[in-house]
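First the structure, in the form of structure tokens, and then the observations on it.
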Protein chains: 2
Amino acid sequence: MANVSNILFIMCDQLRFDYLACYGHPHLETPNIDSLAERGVRFNSAFVQSPVCGPSRMCFYTGRYMSTHGTTINFSPLRVDELTLADYLSAKGERAAVTGKTHISGDREALQRLGIPLDNYIAKRRLEGGLEPYFRDDGLHPRVEQSRSATYNQDLRAAGYDADNPWLTYANSSIDERNRRLSGWFYESAKYPADIDEYYSETPYTTRKAMEFIEDAGEQPWCLHLSYIKPHWPYVAPRPYYDMYDTEHINPPNRSTEELVNAHPVYKAMTQDRISQAFSQGETRDAVIPAYMGLIKQIDDQVGMLMQFLADRDQLDDTVIIFTSDHGDQLGDHWLGDKDSFYEESIHIPLIVVDPRPSADATRGTVCDELVESIDLLPTILQMAGIEPDMNRLEGRSLIPLIDGSGVDQWRDYVICEMDYSYRYAREALDIPPTQCRAYMLRNHRWKFILYEGYRQQLFDLENDPQELNDLGKDPSHQVIRSQMENELFAWMRQRKHRITITDKHIDQMFSGDSQLKRGVYLGFWSEGELPKQFQNSK
Amino acid sequence: MANVSNILFIMCDQLRFDYLACYGHPHLETPNIDSLAERGVRFNSAFVQSPVCGPSRMCFYTGRYMSTHGTTINFSPLRVDELTLADYLSAKGERAAVTGKTHISGDREALQRLGIPLDNYIAKRRLEGGLEPYFRDDGLHPRVEQSRSATYNQDLRAAGYDADNPWLTYANSSIDERNRRLSGWFYESAKYPADIDEYYSETPYTTRKAMEFIEDAGEQPWCLHLSYIKPHWPYVAPRPYYDMYDTEHINPPNRSTEELVNAHPVYKAMTQDRISQAFSQGETRDAVIPAYMGLIKQIDDQVGMLMQFLADRDQLDDTVIIFTSDHGDQLGDHWLGDKDSFYEESIHIPLIVVDPRPSADATRGTVCDELVESIDLLPTILQMAGIEPDMNRLEGRSLIPLIDGSGVDQWRDYVICEMDYSYRYAREALDIPPTQCRAYMLRNHRWKFILYEGYRQQLFDLENDPQELNDLGKDPSHQVIRSQMENELFAWMRQRKHRITITDKHIDQMFSGDSQLKRGVYLGFWSEGELPKQFQNSK
């Protein structure tokens, strides 16, 4: 199978799996993304390894589970010896860059302990997780003093958006009917248009940076991580997207008042978070969701323009296109806002892979229901680029057999998701130490099992209760299935790849057969006469 | 409580807990080590985190469990951002050095990826786990070509031991009654004296290096890891130690033929190892054990000389002395040789701590039965040196309350030991991949529970079967205790400290109370009017 030249790895931030037409949204039309699905494989059961940006992204980028790579909350730096997709690719001469968000921070303290000046090339790459920061922008610029020099802000100012922090003042603020400027931090702002020309808003801007990069790359093989900041909050969309959708286009909330009765303590604390309280009110949903939909619609349009750009350059045939998201958004479902939960709304992601090679012709336009994890993408991409995945570190599984239709006897029985909620209000509400804020989910096609450290378990029957409204975590008649899944979770945990500095192959070579004898280490012999002949009388 | 100036951290290699007089050996007299016990606390239930040199030592040196630091077999380099005892101490101005063995290898590949020349100071320290290699010698020099330049070999040659590798030719070879030179690799050699003057044999040589270091350190506070290579194999002792003990001084083997009936598959494979087969024969034990005892006796004499040296320098009052071992030796017990098992013979270690400060007067000469782990030493030493232990990384617990007699309400319910036996013959016999060669032990005062990946569990009742001859792993009447202990093991595993680049305290500061608001991140608000007053109208 020929290798592909280029990888376009598109990620949205906080895009729910069910907010695309091809994933079944009844009102949101996304013809360009749908068209990717028609040209490739649409994975219908794809999940992230953590519902939070930073930890989830580090799983995508390292191909390892959250508790393996150790970045369990946002801003927790990736360990200095963790290897990423960009490291693997650039070691083979590919140009691996990002336009947009990564949420990566490198371990400055470790770099400094190791005597590496933070301004040298290697340190700079470590701070970017190995990626070339062609246009790195994590999408949030709340503090004026630290935002002034952001490239996006500089470019907005050059375009006439005069402010210290035009990201906030224009791109993420809207103007209400009384001509008041409302900060995008506040949900009421979502009802009004962002005070920026659509052309200069973040999504088109990031797309243009991607196009610039592709032009700049020329003939060198590249992997571009085009990582849209939206539809992540602040939830404000520019014209014409802000009012393309109305309250009549909002799916009804997936929640019941019974969920709040005898609620699981951690879930209950999460519902008491200010964000969840806001999204439990119709007013917030009615303001935010149309804007959220508009931001997705805008992404879809931009994806269309980008495809046209690639077509015009004759690059569609040698470019793999991956479209996905780093996690979802509760949007008030289950009385929750944001994404710190194991509900489908947070952990289930869209994932479309367009492999242009003839080997993938058989699966074009098909839907794959196998359980897929975000860590599967890294070995998939490496294999596409003709690089042998380092399975001593990688914990995912290449999706190639699902893409080329060759299939596998046995795929995967469950997906795993992990959460460290120590940074949420829930910890304060529960008054527990950060080390206790650990939670684990194991989900198969039928059941979702959740283990919270120090609290009772949760269980949902996805077949009979696909909306996850009935927590069976205390139900005595489900004790057996809970125990089984707890055992599976334990077995999963015992297989983590913490030993990364020596490979299984190396162990084989070092210790199998007569390799120790060859090194002059003779163990278990009474006398030299017992040694195999060829080792006798050697020094 | 005043800090102590100096730490003398003495470690033997492969010394069983029960081969010292103070730990109950009926024939082996160890008055100098016993005298340490009289001056300090003798821990009667101290265990290693892995029964293999390298992994066990990395636990001692990092204060973290094996599956946390990731060095699960010998020669697997310590990750480049793992911090060690030496790192913590030297950051505070202490001089932390080793004379003898550490079994540390640094991650050369990671250093090179990070652009750090292997010959620069920082890289060199990483390759030594942060220690100053005052005299580093891992004790095995099997290959002539790589051994010629070892300091020990150079010094032996200077003393007239003429050979390319006098470590093997003299120090670890013996001369039999027919004047034949027998390599110490072979068990028959243990019956004869090593062909070296006692003064030049490894244990006194290493002691002298320790004394040199102490003299060299002068007034600067120091931590010396005096790490004896013996009584680890090759089992040959110089005169007069080689024949101080005879077969009549050998404890009878702790084993029964019933152990081999319906034996656990992994245990059975371990008994089929060539080393185990050899030690299952009386001939091997009769030759090796007296030499093993002689090597211990020699260490005891050297400890005596070292104490006299410190007394002569008036340093006993400002030096903490720790005496321990990195694991034990089966010596044919349970039909096993070497140490790759969870039997007491392998995992139970001697541990004596002499704290010279008045605060420890109350416990001098006492025996502590609390369950102690090797990872407890690091926080203990740091606390003695007046350094706040970094509990974001460290997984052990300071022993100070057990040493100063202040006590604790609740100490520890169990100890953990882990093993990766992928490098042993057992893996070939079982024909399994390296990743499956994982085993875990959880031991409390009453029970020892063992989980082997892919095989049935083991259970021993230490109260009614202290010799561990009756494996209750299949016994239906012990299902409940096995399940309980399996659950405890799982709970332990969920608490590993994989997130090391950000502290719990930092999380508290970043996310508690109004710290997010202070950073300009306003989440969950409908409008600016809902913000606390002090944050309104801020940019």
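The values are calculated or read from the model by the stated rules, or taken from the named source; none is laboratory data. Just so it is clear, the structure is predicted and the values come from calculations on it, not from any experiment. Backbone-built Cβ (ideal geometry, glycine too); neighbour counts: all protein chains shown. For accessibility, only protein heavy atoms count, side chains too; no ligands or nucleic acids. Shrake-Rupley method; radii C 1.70, N 1.55, O 1.52, S 1.80 Å.
Might you tell me the accessible area per residue for segment A:200-321, computed with a 1.4 Å probe and given in Å²?
On the way: 4520 Å² over 122 residues.
With all protein chains present, segment A:200-321 gives 37 Å² per residue.
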_Accessible area that becomes buried as B packs against A, both chains, 1.4 Å probe, Å², nearest 100_ = 8000 Å²
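Helix by helix through chain A, keep the DSSP H runs that span 24 Å or more along the axis on Cα and average at least 0.0 on Kyte-Doolittle, and give those back in order. Walk me through the numbers before you get to the answer.
Values: long enough: A:282-312 (45 Å, 0.19).
The qualifying helices are A:282-312.
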*Quick one: Debye curve from the alpha-carbon atoms of the protein assembly as shown only, equal weights, vacuum; give me log10 I(q)/I(0) at q = 0.06, 0.07 Å⁻¹ to two decimals.*
-0.52, -0.69
*Spin-label pair B:Trp492/B:Thr247, simplified geometry with 7 Å Cα→Cβ offset, distance in nm*: 4.0 nm
*Solvent-accessible area, 1.4 Å probe, carbon plus sulfur percent, for the protein assembly as shown*: 46 percent
_Average other protein chain Cβ within 10 Å of Cβ, residues A:74-84_ = 5
*Please state the charge dipole magnitude for segment A:380-539, taken about the Cα centre, from unit charges on C-beta atoms (+1 on K and R, -1 on D and E), reported in debye and rounded to the nearest 20.*
600 debye
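Using a Förster radius of 25 Å, what is the FRET efficiency between A:Glu283 and A:Asp461 based on their Cβ-Cβ separation? Nearest 0.05, please. Don't skip to the answer; put the middle values down first.
Numbers: r = 33 Å, r/R0 = 1.31.
FRET efficiency, A:Glu283 to A:Asp461: 0.15.
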*Would you mind computing, in nm to one decimal, how far apart the modelled labels at B:Lys268 and B:Arg446 are, each placed 7 Å from Cα along Cα→Cβ?*
3.1 nm
*Using unit Cβ charges (K, R positive; D, E negative) and no other charged atoms, how large, in debye to the nearest 20, is the dipole of chain B about its Cα centre?*
1740 debye
*Go ahead and run the numbers for FRET between B:Asp409 and B:Arg143, Cβ-Cβ distance against an R0 of 41 Å, rounding to 0.05.*
0.15
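Return the calculated 222 nm mean residue ellipticity for chain A, to the nearest 500 deg cm²/dmol, obtained by summing -39500 (n - 2.57) across DSSP H runs with n ≥ 4 and dividing by the residue count. Kindly include the intermediate steps, with their values, before the conclusion.
Numbers: 19 runs with 164 residues, N = 539.
The per-residue figure over chain A is -8500 deg cm²/dmol.
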*Of the trypsin sites (Lys or Arg not before Pro) in segment A:430-469, which ones lie in a loop per DSSP and count no more than 15 other C-beta atoms within 10 Å?*
A:Arg446, A:Arg456
*Top positive-direction residue, dipole computed over chain B with Cβ charges, set B:Gln14, B:Val354, B:Gln436*: B:Gln436
_Position B:Thr257, label points 7 Å along Cα→Cβ, spacing to each other copy in nm (shortest first, one decimal)_ = 7.7
*asked:* Counting only other chains, and only Cβ atoms inside 10 Å, what mean value do you get across the residues of B:97-107?
replied: 1
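R0 = 30 Å: FRET efficiency of A:Ala362 with A:Glu212, Cβ-based, nearest 0.05? Can you show the working numbers first?
On the way: r = 35 Å, r/R0 = 1.18.
According to the calculation, E is roughly 0.25.
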*Relative to the other copies, what are the label-point distances for A:Phe75, with labels 7 Å from Cα along the C-beta vector, expressed in nm at one decimal and sorted shortest first?*
4.4
_Using only the alpha-carbon atoms of segment A:88-141 as identical scatterers, what base-10 log of I(q)/I(0) does the Debye formula give at q = 0.13, 0.14, 0.21 Å⁻¹?_
-0.34, -0.40, -0.81
_Using a 7 Å offset from Cα along the direction of the beta-carbon, what are the separations from B:Gly454 to the same position in each other copy, nm, ascending?_
3.8
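To the nearest 20 debye, what is the magnitude of the charge dipole of the protein assembly as shown about its Cα centre, counting +1 on the Cβ of each Lys and Arg and -1 on the Cβ of each Asp and Glu? Please report the intermediate quantities before stating the final value.
Values: 112 positive and 164 negative charges, 211 e Å.
Dipole magnitude for the protein assembly as shown comes out near 1020 debye.
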*Measure out, as a whole number of angstrom, how far apart the alpha-carbon centroids of segment A:26-78 and segment B:448-526 sit.*
27 Å
*asked:* 5 Å is the cut-off here: which amide hydrogens, built 1.01 Å from N in the peptide plane, fall below it relative to A:Phe47, excluding neighbours closer than 5 in sequence?
replied: A:Ile349, A:Val372, A:Glu373, A:Ser374
*asked:* Quick query: amide H of A:Leu182 versus all other amide H atoms, modeled in the peptide plane; which residues come in under 5 Å with a sequence gap of 5 or more or a different chain?
replied: A:Ser174, A:Ile175, A:Asp176
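For chain A, what is the Kirkwood estimate of the hydrodynamic radius, computed as the reciprocal of the mean inverse distance between distinct Cα atoms, to one decimal in Å?
On the way: mean 1/r = 0.0405 Å⁻¹.
Taking every pair of different Cα atoms in chain A, averaging 1/r and inverting gives 24.7 Å.
Dividing the alpha-carbon Rg of segment A:66-120 by 2.2 N^0.38 Å yields what?
Working: Rg = 12.5 Å, N = 55, 2.2 N^0.38 = 10.1 Å.
Dividing the Cα radius of gyration by 2.2 N^0.38 Å gives 1.24.
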*Give a residue-ordered list of calculated ³J(HN,Hα) values for segment A:435-447 (Karplus: 6.51 cos²θ - 1.76 cosθ + 1.60, θ = phi - 60°; whole Hz; x for Gly, Pro).*
5, 8, 7, 10, 9, 9, 10, 10, 10, 10, 5, 9, 10
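Report the extension gain between B:Glu453 and B:Arg178 in nm, rounded to one decimal, defined as 0.36 nm multiplied by the number of residues separating them, less their alpha carbon distance.
Details: separation 275, 0.36 × 275 = 99.00 nm, distance 4.96 nm.
Extra length available between B:Glu453 and B:Arg178 comes to 94.0 nm.
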*For residues of B:501-513, the mean tally of beta carbons on other chains within 10 Å*: 6
_Can you tell me the length gained on complete extension of the stretch A:Ser256 to A:Asn537, counting 0.36 nm per residue apart and subtracting the Cα distance?_
93.1 nm
*Please work out which residue of chain A brings its Cβ closest to the axis of the rotation superposing A onto B, and round that distance to whole Å.*
A:Phe490, 2
*asked:* Under a crude label model (7 Å from the Cα following the beta-carbon direction), how far is A:Ala158 from A:Lys518 in nanometres?
replied: 5.9 nm
